[in-house]
1. Provide the percentage of antiparallel DSSP beta bridges, counting only those with both residues in chain B; round to the nearest 5.
2. Out of all DSSP beta bridges in the protein assembly as shown, what portion is antiparallel? Express it as a percent rounded to 5.
3. Give me the inter-chain shielding for A:316-325: mean count of other chain Cβ atoms within 10 Å, whole number please.
4. Rg and Dmax in Å for chain B, alpha carbons only: what are they?
5. What does the highest-first list of A:345-351, A:149-155, B:206-212, B:156-162 look like by mean Cβ count within 10 Å?
6. Residue B:53's amide H: which non-local residues (gap 5+, or another chain) put their own amide H closer than 5 Å, with H modeled 1.01 Å from N in plane and none for Pro or chain starts?
7. Just how much of residue A:217 is accessible, in Å², when a 1.4 Å probe is used and the result is rounded to the nearest 10?
8. Taking a point 7 angstrom from the Cα of residue A:368 along the C-beta vector, which residues in segment A:333-358 have backbone N less than 20 Å away?
Amino acid sequence: MANLPRQDQLVSDRGPEPPRAVPAGQREAHHAEALEAARHRHRWQGPLYSLQRLLHRHAALGPLLVLVLSAGVFELLHPGFLRLENISLMLQQLAVLGSLAIGQTMIMLTAGIDLSVGALMILAQMIMGELAINSGVDPVLALVIGVAFGALMGLVNGALTARVRLPPFIVTLGTLGIFTAIGLRLSGGATLFFGGSALAGSAISSSSNALLWTGTFLSIGSFTVTTGVLLMVALYIVFAYVLAWTAWGRHVYAVGDDLNAARLAGIRVRSLIASVYVVAGAIYGLAAWVQIGRVGSVSPDISSTLNLDSITAVVIGGTSLFGGRGVMIGTLFGALIVQVFNTGLELVGVNALYLPLAEGILVISAVALDHWIRAIKD
Amino acid sequence: MATTGEEALGTEQPGPSAPVLSARDMWKSYGRVVALRGVDIDVYPGEVLGLVGDNGAGKSTLIKCISGAEYPDSGTIFLEGQEVVFHGPLAARHAGIEVVHQTLGVAPQLDITSNLYLGREVRRGGFRGSVFRMLDVRTMRRQAAEKVKSLGIATIQDITQAVETLSGGQRQAVAVARAAAFGSKVLIMDEPTAALGVRESGQVHQLIASLRDSGLPIILISHNMPALWDLANRVAILRLGRVAAILAPAESSMEEAVAIMTGAKAASHPPGTNG
């Protein structure tokens, strides 16, 4: 008789609390009205609730508003900020970070994170440069090998995360150091120039070297972009499509949203997560190509802040650190916001120290906003 | 009592009343702990078979063995008269055995349609589907709306709503809809209302009743005895890895079931005789 279940266990619900952290009393009160309330809720919840719903439905809307607002403010502070020449320049400066952020977005949608993104990009371009410049490999082949190498290193990250089941933060923190060290060792810390020297490099036309193709300028009036910018835009279009319109894309969201639910639905979650890191690695390889075209040489001394900047861009772009929420176009907006602040603060003549400060505030605000949006109730 | 499986096997006959799913003489042990000691279970078309038992009685293990999540040490499973062996939950699912878990098995941030079709998305025809792998979102939405409507989940109006904007009962309804919507033969529900409030549990119970009336056999594990007595045609009581009794709620009281469950009373009917 001692084992007789208690009466309350028999008649009422038992077991763990539902996922939402709402106190039990409040929950009951909520349920008591839930049915009636659900139909009329939007009418008496006020404008704040409408805003929450709107931002919940459209993840890129918040970043877009911030982008328009910040660009407008800088135009006021520094007339001419939105001139086509300046926009062209900003896009060119953005191309590498913007491309990297595509891979970072997909990884973060799976509730992962990639700290090694910049280091892997640098390593991939060192491989391309080493093969094309020092080993005389055909530039096209060097490019293909470099991109494939990026995918392979992505597989290392992915396998350690998905198969060995280590936290992606730790895996990519480790590979950040490893990729950086190999990159430096490979080059001996020196920059590789096409044609043997900085001067000779500039003499080589980009049409004769596939690795420099991404630096080709295209102009429409005073609006000038490089093919690297176009490559970045093409990558955004392709992966926005893949995420929104293919089963693989849906599964990326599902895995980041609720790993168990995804597994129960029959998704091979381990393979899927690994495949995301592989795809991201290939994208980093393409970003390396954009980088080589932009500077016309291959250098290991690229700003190491690329690793964290890509995370900043993705988070500001409305992708949740906890996975499952975000859209590709939001990341583009996020990267643009970072670039607008970067250029804008410089043009306004503010001390460069304020850039990280502004970025810091933006990141924290973005995550706080994400928390608020996710707390939506109906 | 453990040997009554032989009799039950003998009574198995083809025909309209043949069980959809039968498990025979299921044994499973984890190290020195024997979780199942020769369990026999039959589920007939259009019935809700309740499954109760104290913690450790073997309910979860039995369900795991039937749904392919665990491999029994011995025993056979027949699905529509055919012997089946499942290597993993996916195989069981493809065979038509769907499980609804107590933890909400839905991805909260995906919309209802995506959740219903998760893992079995429909692609467009032509090159857009074969080359660009494009999903046929319109068809999926239309069919999802139809399925939700046919299941009588009236409170769900917008099929493009993210699941996290739904109430707990509606979310579980989506999970049930997903399990029931794709030609499943047996639905196993492992405490589907354990995470829900009283009112929301009521919604899910209604859904179970309408599924039962549509002819889908359901195995329902629950601690909620009044609900079980309401919904189930038969209730199998597991105790210490064996079927201690199978009661018909129409003829037996809840108190009797609790007494058998806890061992306070020996079963008055031998198992397998259907009350």
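1. Working: 23 of 40 bridges.
Around 60 percent of the beta bridges assigned by DSSP in chain B are antiparallel ones.
2. Values: 29 of 46 bridges.
In the protein assembly as shown, DSSP labels about 65 percent of beta bridges as antiparallel.
3. Working: counts 0, 0, 0, 0, 1, 0, 1, 1, 5, 5.
Average per residue, whole number: 1.
4. Looking at chain B, its Cα Rg and Dmax stand at 19.5, 67 Å.
5. Numbers: A:345-351: 12.9, A:149-155: 22.6, B:206-212: 18.7, B:156-162: 16.4.
In decreasing order of mean packing, A:345-351, A:149-155, B:206-212, B:156-162 become A:149-155, B:206-212, B:156-162, A:345-351.
6. B:238
7. 130 Å²
8. Those under the cut-off are A:334, A:337-338, A:341, A:354-358.
The values are calculated or read from the model by the stated rules, or taken from the named source; none is laboratory data. Every value quoted in this text rests on a predicted model; they were computed, and no experiment measured them. Note: ideal-geometry Cβ built from the backbone for every residue, glycine included; neighbour counts use all protein chains shown. Note: accessible area is taken over every heavy atom of the protein model, side chains too, but ligands, DNA and RNA are not part of it. Shrake-Rupley method; radii C 1.70, N 1.55, O 1.52, S 1.80 Å.
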